[in-house]
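Asks: Here it is, the structure, as structure tokens.
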Amino acid sequence: MTVKIDTDADINSIRLKESAAPDTPASGYGQLYAKSDGKVYFKNDAGLEIDLTLTGTAGTGGWALISDQLLLAPGTFTVSSIPSSYRTLILYADLRSSVNAVSDSAVIKVGNGTLDTGNNYEYIIRWEGSSASNQQSTGDGQLKSVIIPGATAVAGNYGILEIIANEYATTGTWRNFLIRGGQMDATAYRAAHGVGSWKNSNLPVDILYVGTIGTGTFATGSRLRLYGV
């Protein structure tokens, strides 16, 4: 049932029943609705769904915070249900590994619905600092990125990771990532820069994982923020 409201009266609140996303509205119309995830959305006549609970709005040029995760115990990071309404994803993370070593490496995986753990990633990373080296692969199960402090590094020292992913929600092209960051430590200081790709041209990215190489975890106090632009 469609109800039209045309009034100059003050309206204090609107009660919306949570439901599945509606069909795309007719040309010249938009729809406001609530979904079972507890969020309010707007869908325009092009079928674009915008999450109105985010701190920014797609297409305005502002940054919208998608996820802010702080580890209160050792673990890894996963961001799921990433909205497709932005052009670019920007990730910042302060990372320290719980591995019993001076340093460790952070890795990234992405996917659609579930993480892709196949050998569908390629990258080239260059590390500069106390020693210089580079690593590359045309068929890995993850994207390697920055070297971060481990459990035996100077206390309170965290490495920084930045990832930029353009056109993450489109199809027909590989998903490309700009990767940079590094760490400062008395025994091992490294700056990293590189590029990587997820070689799946058919699916948009809606889930992202950041972990350490192997089966390790990040230390308590590590933090990740993901923004959409």
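The values are calculated or read from the model by the stated rules, or taken from the named source; none is laboratory data. This is a predicted model, so every value here is computed, not measured. For neighbour counting, all protein chains shown are included, and Cβ atoms are generated from backbone atoms with ideal geometry for every residue, glycine included.
Asks: Tell me yes or no: at least one residue of the stretch 37-49 is β-branched (Val, Ile, Thr) and not assigned by TED's automatic domain parsing to the domain that holds Glu162. Steps first, answer last, please.
Replies: Of the stretch 37-49, the ones β-branched (Val, Ile, Thr) are 40.
Restricting the remaining residues to those that are not assigned by TED's automatic domain parsing to the domain that holds Glu162 gives 40.
Yes, the conditions are met somewhere in the stretch 37-49.
Asks: For Ala186, which of the numbered conditions (1) at pLDDT 95 or above; (2) loosely packed, with under 15 Cβ neighbours inside 10 Å; (3) farther than 24 Å from Ser81 by Cα fails to hold?
Replies: Just one mismatch for Ala186, condition (1).
Asks: Shifting gears a bit: Quick check on my filter: what residues within the stretch 113-149 are outside any strand (DSSP E or B) and either of a type in the set (D, E, K, R) or over 23 Å from the mean Cα position of the chain (by Cα) (or both)?
Replies: To start, the set of residues in the stretch 113-149 that are outside any strand (DSSP E or B) comprises 113, 116-120, 130-132, 141-142.
Result: Asp116, Ser130, Ser131, Ala132.
Asks: Condition first: touching a strand residue (DSSP E or B) at 6+ places or on another chain (Cβ under 7 Å) and farther than 20 Å from Tyr86 by Cβ. Now tell me which residues in the stretch 152-170 satisfy that. Quick ask: steps written out before the conclusion?
Replies: Start the filter on the stretch 152-170 by keeping residues that are touching a strand residue (DSSP E or B) at 6+ places or on another chain (Cβ under 7 Å), which leaves 153, 157-166, 168.
Within the stretch 152-170, Ala153, Asn157, Tyr158, Gly159, Ile160 meet the criteria.
Asks: Identify the residue in the stretch 64-100 that is β-branched (Val, Ile, Thr) and not in a strand (DSSP E or B) and, among all such residues, is surrounded by the fewest Cβ atoms within 10 Å (Cβ to Cβ). Working first, answer last.
Replies: In the first step, residues of the stretch 64-100 are kept if they are β-branched (Val, Ile, Thr); the result is 66, 76, 78-79, 82, 88, 90, 99.
Add one more test, that the residue is not in a strand (DSSP E or B), and what stays is 76, 82, 99.
On the way: Thr76: 18, Ile82: 22, Val99: 22.
Selected residue: Thr76.
For (1) buried (at least 17 other Cβ atoms within 10 Å of the Cβ); (2) of a type in the set (A, V, I, L, M); (3) on the phi < 0 side of the Ramachandran plot, each residue gets a yes or a no:
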| position | (1), (2), (3) |
| --- | --- |
| Ser137 | no, no, yes |
| Val146 | yes, yes, yes |
| Ile163 | yes, yes, yes |
| Leu178 | no, yes, yes |
| Ser201 | no, no, yes |
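Asks: Can you find, within the stretch 150-192, the residue that is nearest to Tyr227 (Cα to Cα) among those that are under 20 Å from the mean Cα position of the chain (by Cα) and among the aromatic types (Phe, Trp, Tyr)? Give the steps one after another, and end with the answer.
Replies: Taking the stretch 150-192 as the starting set, the residues that turn out to be under 20 Å from the mean Cα position of the chain (by Cα) are 158-171, 173-182, 192.
Now narrow it down to the ones that are among the aromatic types (Phe, Trp, Tyr): 158, 168, 174, 177.
Working: Tyr158: 21, Tyr168: 12, Trp174: 20, Phe177: 14 Å.
This residue is Tyr168.
Asks: Right, another one. Suppose we keep only residues that are in a strand (DSSP E or B) and among the small types (Gly, Ala, Ser) within the stretch 203-229. Which one would you say is surrounded by the most Cβ atoms within 10 Å (Cβ to Cβ)?
Replies: Here is the first cut: in the stretch 203-229, the residues in a strand (DSSP E or B) are 207-212, 218, 223-228.
Pick out the ones that are also among the small types (Gly, Ala, Ser) and you get 211, 228.
On the way: Gly211: 21, Gly228: 26.
Applying the filter and picking the extreme gives Gly228.
Asks: If you don't mind, another one. Report, by residue number, each residue of the stretch 23-38 that is within 24 Å of the chain's Cα centre (by Cα) and exposed (fewer than 13 other Cβ atoms within 10 Å of the Cβ).
Replies: Selection gives Ser36, Asp37, Gly38.
Asks: Of all residues in the stretch 122-136, which are out of contact with any Ser or Thr (no Cβ under 6 Å at 6 or more places or on another chain) and either within 16 Å of Gly214 (Cβ to Cβ) or modelled with pLDDT under 90 (or both)?
Replies: Glu128, Gly129, Ser130, Ser131, Ala132, Ser133, Asn134, Gln135
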